Structures are given as structure tokens and as C-alpha cells.
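The values are calculated or read from the model by the stated rules, or taken from the named source; none is laboratory data. Just so it is clear, the structure is predicted and the values come from calculations on it, not from any experiment. With ideal geometry, Cβ positions are generated from the backbone for all residues, glycine too; neighbour counts draw on all protein chains shown.
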Amino acid sequence: MLDIRSFYLNEHWDEFTLFRINKLNEELYPERTLVEHDWKIAV
């Protein structure tokens, strides 16, 4: 808990949350890069 508080106090909170989101995405969806495409959607 103190580690997270130190990120917040040192104004690194935004970088930490982006890192954490990316890390969780890699863990939860390891095949994500296989299905990532630049899908063109007609509007």
C-alpha cells in the first residue's frame, strides 16, 4: 500500500496506471495481438 501511495505523492500516478493497465491486458489477453487489426468500419 505504501508503494502505491508513493507513486501518487511523487506524481507518477498516471504512468503507473498506464503501466498497470497494459500489464493486466497482457496477462488477461495474451493472444490480443493476433486479432488486432485496423478494422475499417463504414459509417
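For region 12-34, a residue qualifies if it is of a type in the set (Val, Ile, Thr) and at pLDDT below 85, and exactly one does: 33.
Within region 3-11, does at least one residue satisfy the condition of being among the aromatic types (Phe, Trp, Tyr), at pLDDT 90 or above and surrounded by 10 or more Cβ atoms within 10 Å (Cβ to Cβ)? Quick ask: steps written out before the conclusion?
Residues of region 3-11 among the aromatic types (Phe, Trp, Tyr): 7-8.
Okay, now just the ones that are also at pLDDT 90 or above, so none.
Among the residues of region 3-11, not one is among the aromatic types (Phe, Trp, Tyr), at pLDDT 90 or above and surrounded by 10 or more Cβ atoms within 10 Å (Cβ to Cβ), which makes the answer no.
Looking across region 15-43, the residues that are among the acidic types (Asp, Glu) and surrounded by 10 or more Cβ atoms within 10 Å (Cβ to Cβ) come down to 15, 26.
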